[in-house]
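The values are calculated or read from the model by the stated rules, or taken from the named source; none is laboratory data. Only a predicted model underlies this, so the values are computations on that prediction, with no experimental measurement involved. Here the Cβ positions follow ideal geometry from the backbone for every residue, glycine too, while neighbour counts run over all protein chains shown.
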Amino acid sequence: MSDPTMVLDVLDLVGSVLIVLGALLVLAAAIGLVRLPDVLSRMHAATKPQTTGLLLVAAGTALHLRAAADVWMLVLVGAFALITAPVTAHLVGRLAYRTGGLRRDLVHRDDLDPDRADR
C-alpha cells in the first residue's frame, strides 16, 4: 500500500502546478487586454484565457483545501465564471459593433452586415 502522506504530497504538488499555470494564463489575459489592437481581440483575451486560468486556480486550490464546503464554493465560482463570461463577451461585442468601436480592416467576415452579398 502507498503511504497516505505521499498521496497528500502529490496532491499538493499537482495543486501548486495548477495554480501556477492558472496564474500564468490570467497574466497572459491581462497582457492581451493591454496589447491587442481592437475590441474583438481584447474580448477574447478577457474571456478565454482568463476563465481557463480561473478554473485552473480553483482546481488547484480545491486540491490544497480538500474540505467539502470549500470545494463546493470553488465549483460555484467556476460555474458562475463559465456562465457569465460568454454573456459578457457577447454583450461587449454587440456594443462595439453597434457603436463602431471595432476596426473593420481586422474583420474577415461580417455576418451582421446587411449588405453582405452571399445572402
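Computed values, structure above
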{"item": "The range 95-119 residues that are part of a loop (DSSP other than H, G, I, E, B), paired with ones that are modelled with pLDDT of 80 or more and of a type outside the set (Asp, Glu) (beta carbon under 8 Å, 6 or more apart)", "result": "Gly101/Val39; Gly101/Leu95; Leu102/Val39; Leu102/Leu40; Leu102/Ala96; Arg103/Pro37; Val107/Leu40; Leu112/Tyr97"}
{"item": "Single match in His64, His44 (criterion: more than 19 Å from the chain's Cα centre (by Cα) and in contact (Cβ under 8 Å) with a residue 40 or more places away in the chain)", "result": "His64"}
{"item": "Count of residues meeting criterion [in a helix (DSSP H, G or I) and surrounded by fewer than 18 Cβ atoms within 10 Å (Cβ to Cβ)] in the range 53-73", "result": "8"}
